[in-house]
Amino acid sequence: MKQCTHAGALPRPEPGPQSETCLECLAEGTNPVQLRLCLTCGHVACCDSSPSQHATKHHKDTGHPVMQTFEPGEDWRWCFVDHVLV
């Protein structure tokens, strides 16, 4: 079973969210479907079900590997590099 090789390198403590919503969607006048939190820098962005897929774009632009859901009642993480739940 493939495992994430990046979770151990995340900053401690993990960063808090820089915003409460996807600021890119806000600037574009669109609505995020769900939100994701970058565990490297705290950037909040929309999921891949959203039209602009800003969380994936953030990963591609920065190389930050792991994000966490930023939805109430959910508790999971995804590694963009290893393509696995963390």
Quick one: N31 ticks every box in (1) surrounded by fewer than 16 Cβ atoms within 10 Å (Cβ to Cβ); (2) touching a residue at least 24 places away in the same chain (Cβ under 8 Å) bar one, so which box is it? (2)
Considering only residues that are open to solvent by 90 Å² or more (accessible area, probe 1.4 Å), part of a loop (DSSP other than H, G, I, E, B) and of a type in the set (A, V, I, L, M, F, W, C), which ones fall in segment 1-24? M1
Counting only residues that are β-branched (V, I, T) and surrounded by fewer than 22 Cβ atoms within 10 Å (Cβ to Cβ), which one in segment 54-69 is farthest from E14 (Cα to Cα)? T56
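Step by step: first the residues of segment 36-53, then only those that are open to solvent by 20 Å² or more (accessible area, probe 1.4 Å) and either outside any loop (DSSP other than H, G, I, E, B) or of a type in the set (D, E) (or both), then the one that is farthest from M67 (Cα to Cα). Which residue is that?
My answer is D48.
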Answer yes if at least one residue in segment 41-49 is among the small types (G, A, S) and either more than 16 Å from T21 (Cα to Cα) or touching an Asp or Glu at 6+ places or on another chain (Cβ under 7 Å) (or both), and no otherwise. yes
Filter segment 8-26 for residues that are at pLDDT below 95 and among the hydrophobic types (A, V, I, L, M, F, W, C); which is farthest from E71 (Cα to Cα)? A9
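Of the residues F70, F80, which is at pLDDT 95 or above, among the hydrophobic types (A, V, I, L, M, F, W, C) and in contact with a helix residue (DSSP H, G or I) (Cβ under 6 Å, 6 or more places away or on another chain)? Spell out how you get there, then give the answer.
Values: F70 fails: in contact with a helix residue (DSSP H, G or I) (Cβ under 6 Å, 6 or more places away or on another chain).
None of the other options fit; the residue is F80.
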Check whether at least one residue in segment 54-65 is under 15 Å from H83 (Cβ atoms) and assigned to a strand (DSSP E or B), and report yes or no. no
Selected residue (criterion: farthest from T21 (Cα to Cα)) from residues of segment 70-86 that are surrounded by 16 or more Cβ atoms within 10 Å (Cβ to Cβ) and of a type in the set (F, W, Y): F80
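The values are calculated or read from the model by the stated rules, or taken from the named source; none is laboratory data. This is a predicted model, so every value here is computed, not measured. Don't worry about glycine lacking a Cβ; one is built from the backbone with ideal geometry, like all the others, and counts go over all protein chains shown. When the accessible area is computed, the model is the full protein with side chains, heavy atoms only, and any ligands, DNA or RNA have been set aside. Shrake-Rupley method; radii C 1.70, N 1.55, O 1.52, S 1.80 Å.
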